Structure formats: structure tokens, C-alpha cells
Amino acid sequence: MAIYVDFMQIEFKGYKWCHLLADTLQELHDFAALIEVDARLFHRHASYPHYDVTVQMREIAIEYGAIPAGRKKIIECAKKLKVELHEQIARSEHC
């Protein structure tokens with residue numbers, strides 16, 4: 001299991017935010033729940049599925065084993081998660 005956090009610090013509503021990703025959606029959701037990230041911070045309709053986390057939550061994520069990752073790794077994970085999410089949606093529509 002690998003969880004990744006980027007180095008972004010996007011300012012929004014008085015906080016600085018970055019992105020939390022993983023090798024799989026299940027790992028991502030499980031880890032987010034473990035560190036108590038609000039499920040509403042999951043962005044399934046963004047250009048790629050991810051959680052927004054504050055830089056403070058980023059530090060907690062790292063304490064729990066998340067790997068600080070650069071752009072190349074984040075994009076690699078983002079592409080895999082996007083494919084996985086689309087496959088899940090397609091399967092649910094066929095049921």
C-alpha cells in the first residue's frame with residue numbers, strides 16, 4: 001500500500017491545501033478514514049480522483065506513512081485512479 005501527498009500549497013478559504021492520492025481507490029479511502037479526512041474532501045469529479053487536505057493534514061498523513069511525492073509520481077497515480085474510478089462507474093451502470 002502506498003499513499004502519496006504532493007507539495008502543493010493552494011490557498012483557499014484561509015488554508016493551504018495539497019492533494020492526497022494512493023495506488024488504489026480503496027487504499028486512498030481507507031487511509032483518508034484512518035487519518036480522519038472528511039469524506040466530502042474527496043473529489044471524484046475533478047480531473048483526477050483525490051482528497052484535498054490541508055498542509056497540517058499533510059503532516060499527519062506523512063506521520064502515518066504517506067510518501068511526499070513530486071509531480072511525476074502524482075500524475076502517475078492520478079492516471080491510475082482515474083481509470084479505476086471510470087471502471088467502477090461503468091460496472092455500477094451495468095448492474
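Bear in mind these aren't lab numbers, they're just calculated from the coordinates by the rules spelled out. Bear in mind that the values here come from a model prediction, so they are computed numbers and not experimental data. With ideal geometry, Cβ positions are generated from the backbone for all residues, glycine too; neighbour counts draw on all protein chains shown.
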Notebook entry, point to check: At 222 nm, what helix-only mean residue ellipticity would the chain give, in deg cm²/dmol to the nearest 500, using -39500 (n - 2.57) for each DSSP H run of four or more?
Noted result: -14500 deg cm²/dmol
Margin query: Checking the cross-link filter: which lysines have an alpha carbon closer than 19 Å to that of Lys73, excluding same-chain neighbours under 8 positions apart?
Written below: Lys82
Margin query: What do you get for chymotrypsin sites (Phe, Trp or Tyr not before Pro) in the stretch 9-95 restricted to DSSP loop and a cutoff of at most 15 other Cβ within 10 Å of the site's Cβ?
Written below: Tyr64
Check: Which of Ala33, Ala46, Ala78 moves most in a GNM of the chain, Cα contacts under 10 Å?
Finding: Ala46
Notebook entry, point to check: Picking from Glu27, Glu11, Glu59, which is most flexible by a Gaussian network model of the chain using Cα springs under 10 Å?
Noted result: Glu11
Next item on the list: Specify the residue with the greatest mean-square fluctuation among Asp23, Asp38, Asp52, computed from a Gaussian network of the chain linking alpha-carbon atoms under 10 Å apart.
Entry: Asp38
